[in-house]
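> This is the structure I have questions about; it appears just below.
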Amino acid sequence: MPDTEEIDGDVYVCPRYLAGSTAVGDPALEPLLALGFYLRHDDLGNAYVTAPDRKIRLGYLPEGDDDGLWRINAYSDRFGPPAWGVSFNDQCPTEFVTAFTTALAAAYQAGPEHYLAQPGPADLELDAFHAVVPLINRGWKIQHPQWGALELQTPDGMAGLEYAQCRLDAEKELTTLQARWYMWGGPRTSSRWYATASTNTPIPLVTAITESVSDPAPLPRWKDQMLHSLCESAHLVPITSPPPPVPTPLDVRRTALRRAPALTTRSIPRWSTTTTPSAVLPARRSGARR
């Protein structure tokens, strides 16, 4: 178990899709920066990360024009339009973004055939189903079928995924919520988090998000920094140090053997420079000497 002093929070939040954002972007940037991606900032505090070959670009935009805090695009032609785009808003748990950037870093190391891989042309929906499997395996339910869309939700109805099965406008996928993949979470009374992924986003990268969103492991948070509506809806467990282990009979025996011996006359030192009360002589009478 990790040292509680190393955990960034005072409560564990479950389910994790109700944890809210940490408002710290460093963990999600680190997987790319570790590969030598170039980082720069503008005067407003927005951060921009670019791959060495200029074919992957990430924007962390706390001072952006909308709530799209994270925007990640990949390019087959560095001077052309994006081949795919993914976004996360400012309420999204940072761990979901980190899961995506970690998978993206691995794909970038593997080469363009991985980070620019398009869904299989033979059966797009069958290929996309791989990203849905983690949700189904963890109890998410398919909702009432509707034309042109596949929708799943958690049993509590506080997180969901929508997969568009119809033709979409490529530009709107990158600039609006009308994307091939749309994920969301949070109670209706709160500002919900969302994440989008466009049509040609590699399925393993989308799967990294769905795996993280549905992971049953809780997330640490500072309770005072969470939205009130999330605190009311989620299950919070205080982060405390583990109790000391219960001593075994062998531990008790070893402790008894190590006990100090009882005080005896043999343990009293024979010589001492300290005068004891019993050794004080009676005071000599004062008077004139003879």
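> Could you please find all residues in the range 71-84 being open to solvent by less than 10 Å² (accessible area, probe 1.4 Å) and either farther than 15 Å from Tyr48 by Cα or within 19 Å of the chain's Cα centre (by Cα) (or both)?
Ile72, Trp84
> Do you know which residues across the range 205-226 are part of a loop (DSSP other than H, G, I, E, B) and either closer than 24 Å to Asn137 by Cα or touching a Pro at 6+ places or on another chain (Cβ under 7 Å) (or both)?
Asp215, Pro216, Ala217, Pro218
> Kindly list, by first and then second residue, each pair from a residue in the range 30-53 that is farther than 17 Å from Gly64 by Cβ to a residue that is in a helix (DSSP H, G or I) and open to solvent by less than 40 Å² (accessible area, probe 1.4 Å), limited to pairs with Cβ atoms under 6 Å and residues at least 6 apart or on different chains.
Pro31/Thr101; Pro31/Ala105; Leu32/Thr101; Leu32/Ala105; Leu35/Ala105
> If you don't mind, another one. Taking Ala103 and the conditions (1) open to solvent by less than 50 Å² (accessible area, probe 1.4 Å); (2) free of Cβ contacts under 8 Å to residues at least 60 places away in the same chain; (3) assigned to a helix (DSSP H, G or I), which numbered condition does it fall short on, given that it satisfies the others?
Condition not satisfied by Ala103: (2).
> Could you please let me know if Thr4 is modelled with pLDDT under 95, surrounded by fewer than 18 Cβ atoms within 10 Å (Cβ to Cβ) and in contact with a Ser or Thr (Cβ under 6 Å, 6 or more places away or on another chain)?
The answer is yes for Thr4.
> Within the range 131-196, which strands (runs of 3 or more DSSP E) (wholly inside it) include 3 or more residues that are over 30 Å from Tyr75 (Cβ atoms)?
The strands (runs of 3 or more DSSP E) meeting that bar are 149-153.
> Take the range 184-236 and flag every residue that is of a type in the set (Val, Ile, Thr) and under 16 Å from Pro15 (Cβ atoms).
Ile209, Thr210, Val213
> Of everything in the range 227-245 that's under 17 Å from Thr22 (Cα atoms) and either open to solvent by 80 Å² or more (accessible area, probe 1.4 Å) or part of a loop (DSSP other than H, G, I, E, B) (or both), which residue is modelled with the highest pLDDT?
Here the answer is Ala234.
> Here's a check for you: in the range 180-196, which residue that is touching a Lys or Arg at 6+ places or on another chain (Cβ under 9 Å) and open to solvent by less than 10 Å² (accessible area, probe 1.4 Å) is nearest to Ala149 (Cα to Cα)?
Step by step, filter the range 180-196, then rank; the result is Thr196.
> Considering only residues that are of a type in the set (Val, Ile, Thr) and buried (at least 24 other Cβ atoms within 10 Å of the Cβ), look in the range 197-226 and name the one that is farthest from Thr22 (Cα to Cα).
Applying the filter and picking the extreme gives Thr201.
> Yes or no: Cys14 open to solvent by less than 40 Å² (accessible area, probe 1.4 Å) and either in contact (Cβ under 8 Å) with a residue 40 or more places away in the chain or not β-branched (Val, Ile, Thr) (or both)?
Taking the combined requirement at face value, the residue does not satisfy it.
Table: residues versus (1) among the charged types (D, E, K, R); (2) over 20 Å from Pro202 (Cβ atoms); (3) within 20 Å of the chain's Cα centre (by Cα).
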residue: Val86; (1), (2), (3): no, no, yes
residue: Thr102; (1), (2), (3): no, no, yes
residue: Tyr108; (1), (2), (3): no, no, no
residue: Val133; (1), (2), (3): no, no, no
residue: Lys141; (1), (2), (3): yes, yes, no
residue: Asp156; (1), (2), (3): yes, yes, no
residue: Asp169; (1), (2), (3): yes, yes, no
residue: Leu174; (1), (2), (3): no, no, no
residue: Gly185; (1), (2), (3): no, yes, yes
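> Within the range 38-54, track down each residue that is surrounded by 19 or more Cβ atoms within 10 Å (Cβ to Cβ) and in contact with a strand residue (DSSP E or B) (Cβ under 6 Å, 6 or more places away or on another chain).
Residue satisfying the conditions is Val49 alone.
The values are calculated or read from the model by the stated rules, or taken from the named source; none is laboratory data. Predicted model, so just to flag it, every value in this text is computed and none were measured. Note that each Cβ is placed from the backbone with ideal geometry, even for glycine, and that neighbours are counted across all protein chains shown. Keep in mind that these areas ignore ligands, DNA and RNA; they rest on the heavy atoms of the full protein, side chains included. Shrake-Rupley method; radii C 1.70, N 1.55, O 1.52, S 1.80 Å.
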